[in-house]
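Bear in mind that the values in this text are calculations on the coordinates, not laboratory data. All values reported here derive from a predicted model rather than from experimental measurement. Backbone-built Cβ (ideal geometry, glycine too); neighbour counts: all protein chains shown.
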Amino acid sequence: MERTLTNTITNRQMIFLLLLAGASYNVVVLPKEMAETSGTGAWIPLLIMGFLFGLGAMAVVYLNSLFKGKTLFEYAPRLVTKPGAYLLVLYYVLYSLFIAVFLISEQAKLIRADFLPDTPLWATQILGILVFCFIAHKGVTNVARMVEIIGVVYIVTAVFVHGLMVTEGEASRILPVYNPREIGDYVRGIRVSIFAFISPFILLAIPMTKENGKKAVGKAFVSMLVLGLFYILIVESCIMKLGLSDIVHYKDALIVAIRDTAPPMLEFLARLDILYLTVGYAGIFLGVSVIFLVVIEFLCRVFTRASRTAVVASVGVGVFSLSLAANGIQGFYDVFISATTYPVIFSTLVIPVILILIAKIRKAGPKERSNAA
């Protein structure tokens, strides 16, 4: 039976897993969404969400650290009974599949718009799924190594490109940075930005070990805070480049803003968008592959008698079938964003905190009884 024998990751790899799984696709659409809802104060909800989901990431890592070497499915029976563990994993599998279908659909539309305008969506989707399944089949450790390498290139390239956009943009376009009369807009921006911080839940399928140490909890928090700051750089640089009145007309405002960036001192980079899109799509493919990996890791533990190849193939066929159905849903993007608002909070914040409380209560129970005796 095929099994990946190593499923451990380093803290450095954990950081890049959190960054890429969250940012890979969201960076493309977030500038328009945030500009539309929060205007020049878009940095406020993004910073708040980075802090809030940083706490969620801390909770997930701390929970895993209580049961070193185990994933959610392996330690959940001790907390919520075996049937409860199956229900939890079923929830996370369906949740991950829903996200995977959305990302497959959206990345196929991006590729068709930017590279293959005459290619039908289903063809782009099936090619993407083959790549995602191949990468996810390699297991946690191998995927984490790939994410670490590509992640460094992705972040460096993004910071470089957006730094150039800031130098070419107009600072007046992001003023005022705060307006007390627009607090309602900032609240709406919080809801819109929630999906951009989905990544902490992926760690429930990846065990923590002694090698990760106590520092892993703090690094998880810092990772999400950095993700929030990264989003702020992207959104603000796009607003500086395009302006609020223009940015709201482009779903892929990031790509439009980059295509309009041509620094005279870097004539050899006249097509800056090609550089960014090449690295950016590598990030998107790895980010989606991580979501596939979560589904596969959970299912491999549930169906222990099935080979990993069979699980991967089943997930690929299932996601492709659901993606075809999603193609026929009018306004699927808006439906998805509305439907996932509360599940994202529930998956990353509520469930881990509840499980931590249960673990603490059960651990304290025997001590109290022994003291009473």
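At full extension, TYR86 and TYR342 could sit 90.0 nm farther apart than now, given 0.36 nm per residue minus the alpha carbon distance.
If you plug the beta carbon distance of THR278 and VAL159 into 1/(1 + (r/R0)^6) with R0 = 22 Å, you get a FRET efficiency near 0.85.
Show me the three semi-axes of the equivalent ellipsoid for segment 1-89, from the C-alpha gyration tensor (sqrt of 5 times each eigenvalue), largest first, rounded to whole Å.
Largest first, segment 1-89 gives 33, 17, 13 Å.
Who wins for biggest fluctuation among VAL350, VAL295, VAL89 in a Gaussian network model of the chain, springs between alpha carbons below 10 Å? Result: VAL350 has the largest fluctuation of those listed. Does segment 50-108 come out rounded, prolate or oblate by the C-alpha gyration tensor, with a ≥ b ≥ c the root eigenvalues, rounded set by a/c under 1.5 and, if not, prolate when a/b is larger than b/c and oblate if not? It comes out oblate by the Cα gyration axes. Full extension of the segment from VAL302 to ARG188, taken as 0.36 nm per residue of separation minus the current Cα-Cα distance, would add 37.2 nm. Each 10 Å bin, from zero up to the one with the longest distance, holds this percent of the alpha carbon pairs of the chain: 5, 24, 33, 24, 11, 3, 1, 0.
Among the listed pairs LYS32/LYS138; LYS138/LYS214; LYS70/LYS360; LYS68/LYS363; LYS82/LYS215; LYS82/LYS360, those with a Cα-Cα distance over 26 Å are LYS32/LYS138; LYS138/LYS214; LYS82/LYS215.
The angle between the Cα long axis of helix 121-137 and the longest principal axis of the Cα atoms of the chain comes to about 40 degrees, rounded to the nearest 10.
SER323: net charge of surrounding residues, Cβ under 14 Å, Lys/Arg +1, Asp/Glu -1, itself excluded?
Values: positive: LYS109, ARG112; negative: GLU106.
Taking every Cβ under 14 Å from that of SER323, the sum is +1.
Going by alpha carbons, how many degrees (0 to 90, nearest 10) lie between the helix axis of 272-302 and the longest principal axis of the chain? So the inclination is approximately 20 degrees. Sorted largest first, the spans of the alpha carbon positions of segment 165-210 along the three principal axes are 49, 31, 18 Å.
First obtain the Kirkwood hydrodynamic radius of segment 134-225 from its Cα pairs, then insert it into the Stokes-Einstein equation at 37 °C and 0.692 mPa s, and state the resulting D in µm² per second as a whole number. Taking Rh from Cα pairs, D becomes 190 µm²/s.
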